[in-house]
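As C-alpha coordinates, the structure follows; a few thoughts come after it.
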Amino acid sequence: MNMGSLKENIKGIEWAKFIAIVEIVRGALSIFSIFTIPLGVLEIFAGVNLWNTANYLEKYKSTESEEDLKEAFKNLSEYFKWMGWLNLVSLILIALLLILPILFMGFIGLIIIGLIGLIISTLGSSGT
(Lines give C-alpha, C1' and ligand atoms only; values in the text may rest on other atoms or scores of the structure.)
Protein backbone atom coordinates (compact mmCIF):
# COMPACT_ATOMS: atom_id res chain seq x y z
CA MET A 1 0.00 0.00 0.00
CA ASN A 2 1.51 3.31 -0.98
CA MET A 3 1.15 6.48 1.10
CA GLY A 4 -1.44 7.98 -1.28
CA SER A 5 -3.88 5.11 -0.73
CA LEU A 6 -3.22 5.28 3.00
CA LYS A 7 -4.37 8.88 3.00
CA GLU A 8 -7.66 7.91 1.38
CA ASN A 9 -8.27 5.17 3.96
CA ILE A 10 -7.99 7.43 6.99
CA LYS A 11 -11.58 7.85 8.11
CA GLY A 12 -13.43 8.58 11.31
CA ILE A 13 -11.51 11.71 12.30
CA GLU A 14 -14.75 13.51 13.18
CA TRP A 15 -15.82 10.62 15.41
CA ALA A 16 -12.41 10.57 17.09
CA LYS A 17 -12.74 14.28 17.86
CA PHE A 18 -16.28 13.79 19.18
CA ILE A 19 -15.17 10.94 21.46
CA ALA A 20 -12.16 13.01 22.61
CA ILE A 21 -14.43 15.91 23.58
CA VAL A 22 -16.81 13.57 25.42
CA GLU A 23 -13.91 12.00 27.32
CA ILE A 24 -12.43 15.36 28.28
CA VAL A 25 -15.81 16.69 29.48
CA ARG A 26 -16.65 13.46 31.32
CA GLY A 27 -13.20 13.51 32.92
CA ALA A 28 -13.64 17.14 33.99
CA LEU A 29 -17.01 16.32 35.54
CA SER A 30 -15.50 13.32 37.35
CA ILE A 31 -13.08 15.59 39.16
CA PHE A 32 -15.93 17.03 41.25
CA SER A 33 -16.16 13.84 43.33
CA ILE A 34 -13.20 12.90 45.52
CA PHE A 35 -13.67 9.20 44.71
CA THR A 36 -13.55 9.66 40.95
CA ILE A 37 -10.68 12.18 40.69
CA PRO A 38 -8.19 9.52 39.52
CA LEU A 39 -10.62 8.36 36.82
CA GLY A 40 -11.27 11.93 35.69
CA VAL A 41 -7.59 12.77 35.36
CA LEU A 42 -6.88 9.60 33.38
CA GLU A 43 -9.85 10.25 31.11
CA ILE A 44 -8.78 13.82 30.43
CA PHE A 45 -5.28 12.69 29.42
CA ALA A 46 -6.78 9.99 27.18
CA GLY A 47 -9.14 12.48 25.56
CA VAL A 48 -6.37 14.97 24.87
CA ASN A 49 -4.25 12.25 23.22
CA LEU A 50 -7.17 11.14 21.06
CA TRP A 51 -7.81 14.77 20.06
CA ASN A 52 -4.13 15.14 19.11
CA THR A 53 -4.28 11.88 17.14
CA ALA A 54 -7.23 13.16 15.12
CA ASN A 55 -5.51 16.50 14.48
CA TYR A 56 -2.30 14.84 13.27
CA LEU A 57 -4.26 12.48 11.01
CA GLU A 58 -6.16 15.44 9.59
CA LYS A 59 -2.89 17.26 9.03
CA TYR A 60 -1.35 14.17 7.43
CA LYS A 61 -4.24 13.96 4.94
CA SER A 62 -3.35 17.41 3.64
CA THR A 63 0.47 17.34 3.95
CA GLU A 64 1.28 13.60 3.60
CA SER A 65 4.15 14.30 5.98
CA GLU A 66 5.54 11.12 7.51
CA GLU A 67 6.28 13.10 10.70
CA ASP A 68 2.56 13.91 11.10
CA LEU A 69 1.71 10.24 10.70
CA LYS A 70 4.34 9.27 13.30
CA GLU A 71 2.92 11.83 15.74
CA ALA A 72 -0.59 10.51 15.13
CA PHE A 73 0.49 6.97 16.00
CA LYS A 74 2.49 8.19 18.98
CA ASN A 75 -0.60 9.98 20.35
CA LEU A 76 -2.80 6.99 19.56
CA SER A 77 -0.41 4.78 21.52
CA GLU A 78 -0.60 7.22 24.46
CA TYR A 79 -4.40 7.23 24.20
CA PHE A 80 -4.51 3.45 24.57
CA LYS A 81 -2.08 3.61 27.50
CA TRP A 82 -4.27 6.14 29.35
CA MET A 83 -7.41 4.16 28.55
CA GLY A 84 -5.71 1.01 29.85
CA TRP A 85 -4.91 2.73 33.14
CA LEU A 86 -8.44 4.15 33.29
CA ASN A 87 -9.93 0.68 32.89
CA LEU A 88 -7.53 -0.85 35.41
CA VAL A 89 -8.32 1.78 38.06
CA SER A 90 -12.05 1.40 37.30
CA LEU A 91 -11.86 -2.35 37.87
CA ILE A 92 -10.01 -1.83 41.15
CA LEU A 93 -12.61 0.68 42.35
CA ILE A 94 -15.45 -1.65 41.35
CA ALA A 95 -13.78 -4.51 43.24
CA LEU A 96 -13.44 -2.29 46.31
CA LEU A 97 -17.08 -1.21 46.04
CA LEU A 98 -18.10 -4.87 45.98
CA ILE A 99 -15.74 -6.07 48.71
CA LEU A 100 -16.13 -3.24 51.26
CA PRO A 101 -19.90 -3.70 51.79
CA ILE A 102 -19.39 -7.45 52.25
CA LEU A 103 -16.68 -6.79 54.86
CA PHE A 104 -18.89 -4.19 56.53
CA MET A 105 -21.83 -6.62 56.69
CA GLY A 106 -19.54 -9.26 58.16
CA PHE A 107 -18.32 -6.80 60.78
CA ILE A 108 -21.91 -5.84 61.68
CA GLY A 109 -22.78 -9.56 61.83
CA LEU A 110 -19.95 -10.17 64.29
CA ILE A 111 -21.15 -7.30 66.48
CA ILE A 112 -24.72 -8.66 66.46
CA ILE A 113 -23.54 -12.18 67.28
CA GLY A 114 -21.41 -10.76 70.09
CA LEU A 115 -24.36 -8.78 71.48
CA ILE A 116 -26.63 -11.84 71.30
CA GLY A 117 -23.99 -13.86 73.12
CA LEU A 118 -23.66 -11.14 75.77
CA ILE A 119 -27.44 -11.01 76.26
CA ILE A 120 -27.67 -14.80 76.54
CA SER A 121 -24.82 -14.95 79.02
CA THR A 122 -26.34 -12.09 81.05
CA LEU A 123 -29.76 -13.77 81.11
CA GLY A 124 -28.18 -17.09 81.99
CA SER A 125 -26.18 -15.66 84.90
CA SER A 126 -29.11 -13.63 86.29
CA GLY A 127 -31.21 -16.79 86.69
CA THR A 128 -28.85 -18.32 89.33
For the stretch 1-101, the per residue accessible area (1.4 Å probe, Å²) is 66
Among the Cα-Cα pairs of the stretch 44-90, the proportion with separation greater than 12 Å, in percent, is 58
Would you mind calculating the relative contact order of the chain from Cα pairs under 8 angstrom and at least 6 residues apart, reporting the percent as a whole number? 21
Describe numerically, in nm with one decimal, the distance between label points set 7 Å from Cα along Cα→Cβ at ILE102 and at LYS11. 4.6
Counting alpha carbon pairs within less than 8 Å and at least 6 residues apart, what relative contact order, in whole percent, applies to the stretch 52-101? 31
What percentage of the solvent-accessible surface of the chain, computed with a 1.4 Å probe over protein heavy atoms, is contributed by carbon and sulfur atoms? 76
Inter-part distance where the stretch 1-75 and the stretch 82-128 are each reduced to a Cα centre, Å: 44
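Sum -39500 (n - 2.57) across every DSSP H segment of at least 4 residues in the chain, then divide by the residue count to get the 222 nm mean residue ellipticity, nearest 500.
Numbers: 4 runs with 113 residues, N = 128.
Taking each H run of at least 4 residues, the total per residue is -31500 deg cm²/dmol.
Roughly how big is the chain's charge dipole about its Cα centre, with Cβ charges of +1 (Lys, Arg) and -1 (Asp, Glu), in debye to the nearest 20?
The dipole of the chain has a size of about 300 debye.
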Partner aspartates and glutamates for LYS81 [C-alpha distance under 12 Å; skip if fewer than 8 residues away on the same chain]: GLU43
Given the convex hull of the Cα atoms of the stretch 45-128, what is a quarter of its surface area in nm²? 6.3
Relative intensity, log₁₀ I(q)/I(0), of the stretch 12-55 from a Debye sum that treats every alpha carbon as a point, q = 0.34 Å⁻¹: -1.04
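The values are calculated or read from the model by the stated rules, or taken from the named source; none is laboratory data. Please read these numbers as outputs of a predicted model, since none were measured by experiment. Here Cβ is always computed from backbone atoms with ideal geometry, including for glycine, and neighbour counts include all displayed protein chains. For the accessible areas, the whole protein counts, side chains as well, though only heavy atoms, and no ligand, DNA or RNA atoms are used. Shrake-Rupley method; radii C 1.70, N 1.55, O 1.52, S 1.80 Å.
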